[in-house]
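Inspection log for the structure reproduced underneath, given as structure tokens.
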Amino acid sequence: MRTPEITPAGAVPLVLRSGTGLLNEAETVWTEMLQGWAAQQFARNLSAGTVEARRGTVVRFREFAGAYPWEWTAGTVDEFFLELRALKGAARSTVLGYQNALRMFLEYLTDPAYGWGKQCWERFGDHPAQVFHEWNTVRHAQDEVGAPGKRPYTRDELEDLFDCADERVLRIRRSRAKGWIPAFRTATIMKVAYAWGLRRNAGLDRNPFPRPLCLSMACRCRHGRRARP
């Protein structure tokens with residue numbers, strides 16, 4: 001018995017594969033490409049926010065180019081990012097994010113498994129090609145691509161920060177003023193957040209275990225970070 005062929009999420013839809021004539025052929029194919037790419041990303045368990053942000057980048061580039069993906073060239077890439085950096089002052093990290101999204105979109109279109117190259121060739125006599133290369137895109141020259149002013153704290157700076165938080169607790173308590181408990185809580189949260197990278201979804205609750213076994217407060221993480229696909 002022949003095993004049925006499995007169509008991957010994001011492949012050319014049946015209405016296009018049938019070769020049916022379309023009223024606005026180029027625009028219809030473009031719309032289906034965007035929808036197919038969204039389906040492919042959702043199949044990889046990416047968030048709706050990530051998918052929508054990447055879609056916005058692709059649509060913006062399409063509007064700038066005034067052409068469909070099967071007509072994009074490396075020259076258009078240079079013009080787009082020259083304007084983005086020189087005229088609009090985009091940060092290096094912003095440019096890198098845009099280029100990654102556009103590169104991934106073209107990787108999707110040029111993957112034979114999804115059938116877009118064949119579809120475009122049959123309809124327009126042309127096909128999408130990868131126009132984002134090492135020589136015309138930003139590369140990760142270092143692990144941190146942020147501005148120099150956004151560097152991590154040094155060990156000495158961290159020690160000064162946590163010492164200041166602890167000293168604030170002692171100063172309030174020695175003065176017999178109210179507020180040393182909230183100050184102590186703030187200092188503890190700062191240290192826990194830095195040590196374990198917890199976000200605002202984590203909370204401090206009463207420990208359900210008997211006090212002789214451990215402290216009366218416990219840190220409970222309500223939502224963990226999902227694994228990357």
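Quick note: the coordinates plus some simple rules give every number you see, no bench work behind them. As the structure is a computational prediction, the values presented were derived from the model and not from experiment. Neighbour counts are summed over all protein chains in view; Cβ atoms, including those assigned to glycine, are modelled from backbone coordinates with ideal geometry.
Rounded to the nearest 0.05, what FRET efficiency do Cys164 and Leu34 give with R0 = 41 Å and r taken as the Cβ-Cβ distance? Could you check?
Details: r = 51 Å, r/R0 = 1.23.
Once rounded, the FRET efficiency stands at 0.20.
Taking the Cα centre of the stretch 14-148 as reference, the dipole from Cβ charges on Lys and Arg (+1) and Asp and Glu (-1) amounts to some 260 debye.
Quick one: compute a quarter of the convex hull surface over the Cα atoms of the stretch 30-108 and quote it in nm². If you can, show how the numbers build up before the last one.
Details: hull surface 20.9 nm².
Orientation-averaged projected area of the Cα hull: 5.2 nm².
Near Ala26, within a Cβ-to-Cβ distance under 10 Å, what is the net charge of the other residues, with Lys and Arg +1 and Asp and Glu -1? That sum, taken over residues with Cβ under 10 Å, equals -2. Across the stretch 14-148 the C-alpha pair distances fall into 10 Å bins from zero in the proportions 11, 41, 34, 12, 3, 0 percent. Here's the picture: charge each Lys and Arg Cβ at +1 and each Asp and Glu Cβ at -1 in the stretch 44-180, and of Gly179, Tyr98, Phe162 the one pushed furthest to the positive end of that dipole is Gly179.
Taking a Cβ cut-off of under 12 Å around Cys120, the surrounding Lys, Arg, Asp and Glu residues balance to a net charge of -3, with basic ones at +1 and acidic ones at -1.
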